1. Go through (1) modelled with pLDDT of 95 or more; (2) in contact with an Asp or Glu (Cβ under 7 Å, 6 or more places away or on another chain) for residue 162 and report which single condition fails.
2. Against the condition under 17 Å from residue 161 (Cα atoms), small (Gly, Ala, Ser) and modelled with pLDDT of 90 or more, how does residue 63 come out, does it pass?
3. So residue 155 clears everything in (1) over 21 Å from residue 38 (Cβ atoms); (2) at pLDDT 95 or above except one condition, right? Which one?
4. Listed residues 89, 65, 56; which is within 15 Å of the chain's Cα centre (by Cα), over 15 Å from residue 116 (Cα atoms) and not in a helix (DSSP H, G or I)?
5. Filter region 172-195 for residues that are over 14 Å from the mean Cα position of the chain (by Cα) and among the hydroxyl-bearing types (Ser, Thr, Tyr); which is surrounded by the most Cβ atoms within 10 Å (Cβ to Cβ)?
6. Scan region 106-128 for residues that are surrounded by fewer than 24 Cβ atoms within 10 Å (Cβ to Cβ), within 16 Å of residue 179 (Cα to Cα) and hydrophobic (A, V, I, L, M, F, W, C) and report the count.
7. Identify the residue in region 159-171 that is more than 11 Å from the chain's Cα centre (by Cα) and of a type in the set (S, T, N, Q) and, among all such residues, is nearest to residue 26 (Cα to Cα).
8. Looking only at region 149-195, how many residues end up being of a type in the set (D, E, K, R), in a loop (DSSP other than H, G, I, E, B) and closer than 20 Å to residue 104 by Cα?
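The values are calculated or read from the model by the stated rules, or taken from the named source; none is laboratory data. Predicted model only: the values in this text are computed from it and were never measured. FYI the Cβ positions are ideal-geometry reconstructions off the backbone, even for glycines, and counts take in every protein chain you see.
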Amino acid sequence: MRAREEGREKNMKVLSSSKLQVKNLENIKKIVVLSDTHIPVRTAKIPEQIIEQFKDADLIIHAGDFQTIDAVNSLADYTNFIAVCGNMDSEDVADKLPEKIILNIKKGNKEFKIGVTHGSGAPEGLPERVLHFFEEKLDCIIFGHSHKPLNEKMNNTLMFNPGSPTDTVFATINTFGILTIDDEIKGEIIKINNQ
């Protein structure tokens, strides 16, 4: 599995420009953000606490590492679902999903740009690498890969990693995230209650 993962990371760097999607959205206020769910390897399904948050969400974003196409399809049944592939996703997931997305969100008279990618390589320096993975200036970048939550500004860009809601191999807590868009984008990391 490790050799496949290393090969995929090399491919991500080569294919990144050809696997970009741009989406234009309006009036998005609440975004539920997930990454690194690793279904069915780490758990059988998305935790119920997250499913509850879907009910009033305008958008669900997954930053990769579903692992199976069934996991992708289970989330695609919910309203407004956007996702990228990760380094541990099966080939059919990687074929279906892009490696990065730019969302142009219009909210009233303001416009926000959000980038979404999974990330790759060692956890050290990941936010810096992800920041430079996009060629344009963004208001927020959503990423995963490290399983470690992050919600902080870097060069005036909100760097947002929701962590993993299912895996504690690389992190000591299970988390997901919520982004709220009003006059600015604000992030919140939420701990899964079963811990």
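1. Only one criterion in (1) modelled with pLDDT of 95 or more; (2) in contact with an Asp or Glu (Cβ under 7 Å, 6 or more places away or on another chain) is unmet by residue 162, namely (2).
2. Working: under 17 Å from residue 161 (Cα atoms): yes; small (Gly, Ala, Ser): yes; modelled with pLDDT of 90 or more: yes.
Yes, satisfied.
3. Status for residue 155: all satisfied but (2).
4. Working: 65 fails: over 15 Å from residue 116 (Cα atoms); 56 fails: within 15 Å of the chain's Cα centre (by Cα).
The unique qualifying residue is 89.
5. 180
6. Number satisfying all stated conditions: 1.
7. 166
8. Taking region 149-195 first, the residues of a type in the set (D, E, K, R) are 152-153, 167, 182-184, 186, 188, 191.
From the residues that got through so far, the ones that are in a loop (DSSP other than H, G, I, E, B) too are 167, 182-184.
If we keep only those that are closer than 20 Å to residue 104 by Cα as well, we get 182-184.
Counting residues in region 149-195 that are of a type in the set (D, E, K, R), in a loop (DSSP other than H, G, I, E, B) and closer than 20 Å to residue 104 by Cα gives 3.
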